[in-house]
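So the structure is just underneath, and the comments pick up after that.
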Amino acid sequence: MRVTIDELKEMKSRGEKVTMLTAYDYGIAKLVDETGIPLILVGDSLGMVMLGYESTIPVTMNEMIHHTKAVARGARHALVVGDMPFMSYHVTVDDALRNAARFIQEGGAQAVKLEGGETVAEKVKRLVECGIPVMGHIGLTPQSIHQLGGFKVQGKTLEAGQRLLKDARALEEAGAFAVVLESVPAQLSSLITARSAIPTIGIGAGAGCDGQVQVISDLLGIYTDFVPRHAKQYARLAETIKQAVGEYMGEVKSGAFPTSKQSYSIEEGVVTELARTS
Ligand code: KIV
């Protein structure tokens, strides 16, 4: 049975931590899903870690749908959240609705995520009215890095903290089922969490959130261009991958690969006949 948004809210009331992880393709989504994780995010971070862009800003709807489809095919248990890319929900409510619907109808996701608080509340409300579960995302919102002046911790002053509290409330009132808090001081995240009826999912937001999210490429140690302070590498697959590729190259050069184990054969008689007649 697939995880539902009600189950996530129940987890918060029981004080059970919620884990979310990104995935961008079928194979990884299947492995992640088999662990029993409740939430998989097809994050627009794929622009950086899968597509090599410098930020998430160039990511398009078609790229997001392409990856969401692959993840949805691999995830049978987790609730799959599709991340709405830059400018796919900013212009009009109709735009937001049409693009969110693509994630559900074409992509096979069960929910969408969008960045912003009060400013996107009207759109969140409309999506929820139309039956599309929405996860909010406040604090450091990477689609606004140019406005924010870079990847900086948010909510450090009294005013900024008050704004984040208001944003979290606006999202909850609009019907969001959860909210991501990114790069927010731990004390402020705990305050937002205590005041919210919906689960808060932190990334660089301390241990007081109802749950945590990590980018899988950081967690597995595959993406090495930039490792944020809030990321923890539970594996160092970059080294494993390089070692495996190096070994493969060495064996091809030396003739140690392939052996008869990795080869196919036909009967000797057929070979002889082929050589004689062709
Ligand atoms: O795109 C993403 O991976 C995200 C997470 C960092 C929350 O938005």
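The values are calculated or read from the model by the stated rules, or taken from the named source; none is laboratory data. It should be emphasised that the depicted structure is a prediction, and the values quoted were computed from it without experimental measurement. Positions of Cβ are backbone-derived with ideal geometry, glycine not excepted, and every protein chain shown enters the neighbour counts. These area figures cover heavy atoms from the full protein model, side chains too; ligands, DNA and RNA do not enter into them. Shrake-Rupley method; radii C 1.70, N 1.55, O 1.52, S 1.80 Å.
See the values below:
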{"quantity": "Residue in the range 204-230 that is nearest to THR19 (Cα to Cα), counting only those that are open to solvent by less than 70 Å² (accessible area, probe 1.4 Å), in a loop (DSSP other than H, G, I, E, B) and touching a residue at least 60 places away in the same chain (Cβ under 8 Å)", "calculated": "ASP210"}
{"quantity": "Residue that is modelled with pLDDT of 95 or more, within 16 Å of CYS209 (Cα to Cα), in the same structural domain as VAL215 (by TED's automatic domain parsing) and small (Gly, Ala, Ser), where the choices are GLY27, GLY43, GLY15", "calculated": "GLY15"}
{"quantity": "Qualifying positions in the range 231-250 - among the basic types (Lys, Arg) and closer than 19 Å to THR22 by Cβ", "calculated": "LYS232, ARG236"}
{"quantity": "Test: residue in the range 133-154 that is more than 24 Å from MET48 (Cα to Cα) and out of contact with any helix residue (DSSP H, G or I) (no Cβ under 9 Å at 6 or more places or on another chain)", "calculated": "no"}
{"quantity": "Matching entry among TYR89, TYR26 (being hydroxyl-bearing (Ser, Thr, Tyr), closer than 17 Å to VAL134 by Cα and away from the ligand (no atom under 12 Å from the Cβ))", "calculated": "TYR89"}
{"quantity": "From the options VAL81, VAL59, VAL3, VAL91, residue that is open to solvent by less than 50 Å² (accessible area, probe 1.4 Å), more than 28 Å from THR193 (Cβ to Cβ) and outside any helix (DSSP H, G or I)", "calculated": "VAL59"}
{"quantity": "Single match in GLU182, GLU159 (criterion: touching a residue at least 12 places away in the same chain (Cβ under 8 Å) and open to solvent by 10 Å² or more (accessible area, probe 1.4 Å))", "calculated": "GLU182"}
{"quantity": "Filter result for ILE145 (surrounded by fewer than 24 Cβ atoms within 10 Å (Cβ to Cβ), touching a residue at least 40 places away in the same chain (Cβ under 8 Å) and part of a loop (DSSP other than H, G, I, E, B))", "calculated": "no"}
{"quantity": "Filter result for ARG236 (within 29 Å of GLU54 (Cβ to Cβ) and modelled with pLDDT of 95 or more)", "calculated": "yes"}
